[in-house]
Amino acid sequence: MSTYWSNFRSNRAQVAVSNLFAHGDILINGKRPWDIQVHDDRFFSRILSDGTLGFGESYMEGWWECEALDEMCFRAIRAHLNRHAHFNLRTAIAAAASFCINLQSKCRARLVSKVHYDLGNDFFETMLGPIMQYSCAYFSDNKGLPEAQRAKMDLICCKLGLQTDMRILDIGCGWGALAKHAAQYYGCNVVGITISKKQHQYAKESCRNLPIEIRLQDYRDISEPFDRIISVGMMEHVGHKNYRTYMEVADRCLRKDGLFLCQTICGNRANFAPDVWIERYIFPHSALPSVSQVVRAAEGLFILEDAHNFGVYYDLTLLAWENNFRKSWKYFQSAYGESFYRMWRFYLLSCAGAFRARDIQLLQFVFSKGGILGGYHSIR
């Protein structure tokens, strides 16, 4: 009798999950590249019980495969399959914790560096390429990844009107590529801050003999005057309880006639909870702001001069990173293992699918302190 009920529940789960994915024209064990090939029947009950967390974890464990993982995720997200899914307790708990607790306080903020950014500079060098930019490239004119990253850095510098001897603050400077670009090609003096020890070490060495200071410092601890402020890929780690604080830091550090460029991934609606799989395995305590949350945080402090959405280029950027990662995996296989390989590919390709589906965006905001007389000239 117990075997009967077990098989009955398993069959019901298989039907339910198959029907769910059918909403996105995704077949279980179909023949198209974006169809899911199930190797372990526990996959079906795992999806029903754990939602997107179980979906990602079961891929990491080899329970299913998909030839075109990015395209499958695009179809699932575009069809809003999450709206058809059952209530999930883990997701609800994560949302409640994010709403009630400041997960990005000073004492908690460094966790993302330990888990993610401090994986190894050699690892990120092979994935990101020689420019070492871990943010969306600007793929105009059919450029390759290195050229598209340089184009993005030039775009930022031009939007800010950088000039010789300007003092620039780069909040979340990563491995120092943008600071280096501003110093070498625009003659600026740059202070870059990061909370990642390995990024700090790499950036200091990379920017040696240039007018650049790289600091291991939390953004909340800086209070100095700057002509321009840059923040690329940082606000995703700030958290909704700190958005206003983040803008206040920029306000107190920016000179009266200065400009502040903030580049961030944005969700399509205000959301206090992170994606549970991304939060657990990739970016602890991360959360995407919405456009309204960014602008509301700046209200009364800055004038929004320009907003530029080029999130469609993040799809191309992520595919380029995944291609680099896959080609270089032989150098890291013994150190990281198969589960990490599957986890990292799921991260890169599912995010590519999300940007392709326009479920998330990439925006550059340009703020001024009191409004530019005569208006701001938008640069694209």
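Annotations for the structure displayed:
- Residues in region 32-47 that are surrounded by fewer than 19 Cβ atoms within 10 Å (Cβ to Cβ) and assigned to a helix (DSSP H, G or I): R42, S45.
- All of (1) outside any helix (DSSP H, G or I); (2) among the small types (G, A, S); (3) farther than 26 Å from E279 by Cβ hold for S10 with one exception: (1).
Matching residues to (1) within 22 Å of F302 (Cα to Cα); (2) of a type in the set (D, E); (3) more than 21 Å from the chain's Cα centre (by Cα):
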{"position": "H200", "(1), (2), (3)": "no, no, no"}
{"position": "K204", "(1), (2), (3)": "no, no, yes"}
{"position": "P211", "(1), (2), (3)": "no, no, yes"}
{"position": "R228", "(1), (2), (3)": "yes, no, yes"}
{"position": "Y246", "(1), (2), (3)": "yes, no, no"}
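- Looking only at region 277-294, residues that are within 16 Å of S350 (Cα to Cα) and assigned to a loop (DSSP other than H, G, I, E, B) come to 3 in all.
- A count restricted to region 155-182 and to residues that are in a loop (DSSP other than H, G, I, E, B) and not hydroxyl-bearing (S, T, Y) stands at 11.
- Scanning region 303-318 for residues that are surrounded by fewer than 17 Cβ atoms within 10 Å (Cβ to Cβ) and either of a type in the set (D, E) or in a helix (DSSP H, G or I) (or both) yields a single hit, V312.
- Matching residues in region 188-207 - criterion: being of a type outside the set (D, E) and part of a helix (DSSP H, G or I): K197, K198, Q199, H200, Q201, Y202, A203, K204, S206
Condition check ((1) of a type in the set (S, T, N, Q); (2) free of Cβ contacts under 8 Å to residues at least 12 places away in the same chain; (3) crowded, with 16+ Cβ neighbours inside 10 Å; (4) not in a loop (DSSP other than H, G, I, E, B)) across all residues:
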site: F340; (1), (2), (3), (4): no, yes, yes, yes
site: M343; (1), (2), (3), (4): no, no, yes, yes
site: L349; (1), (2), (3), (4): no, no, yes, yes
site: A354; (1), (2), (3), (4): no, no, yes, yes
site: L362; (1), (2), (3), (4): no, no, yes, yes
site: G374; (1), (2), (3), (4): no, yes, no, no
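- The single condition among (1) without any contact (Cβ under 8 Å) to a residue 24 or more places away in the chain; (2) not assigned by TED's automatic domain parsing to the domain that holds S231 that N323 does not satisfy is (2).
- Scanning region 220-248 for residues that are outside any loop (DSSP other than H, G, I, E, B), β-branched (V, I, T) and without any contact (Cβ under 8 Å) to a residue 60 or more places away in the chain gives a single hit, T245.
- Of all the criteria given as (1) out of contact with any His (no Cβ under 8 Å at 6 or more places or on another chain); (2) of a type in the set (S, T, N, Q); (3) in contact (Cβ under 8 Å) with a residue 12 or more places away in the chain, the one not satisfied by T194 is (1).
- Taking the listed residues R358, R296, R326, R380, the one that is surrounded by fewer than 21 Cβ atoms within 10 Å (Cβ to Cβ) and at pLDDT below 95 is R380, with no other qualifying.
- Given (1) of a type outside the set (G, A, S); (2) assigned to a helix (DSSP H, G or I); (3) out of contact with any helix residue (DSSP H, G or I) (no Cβ under 9 Å at 6 or more places or on another chain), index of the condition Y185 fails: (3)
- Residue check, Y331 touching a residue at least 12 places away in the same chain (Cβ under 8 Å) and under 21 Å from A137 (Cβ atoms): no
The values are calculated or read from the model by the stated rules, or taken from the named source; none is laboratory data. Predicted model, so just to flag it, every value in this text is computed and none were measured. Note that we place each Cβ from the backbone using ideal geometry, even for glycine, and neighbour counts take in every protein chain shown.
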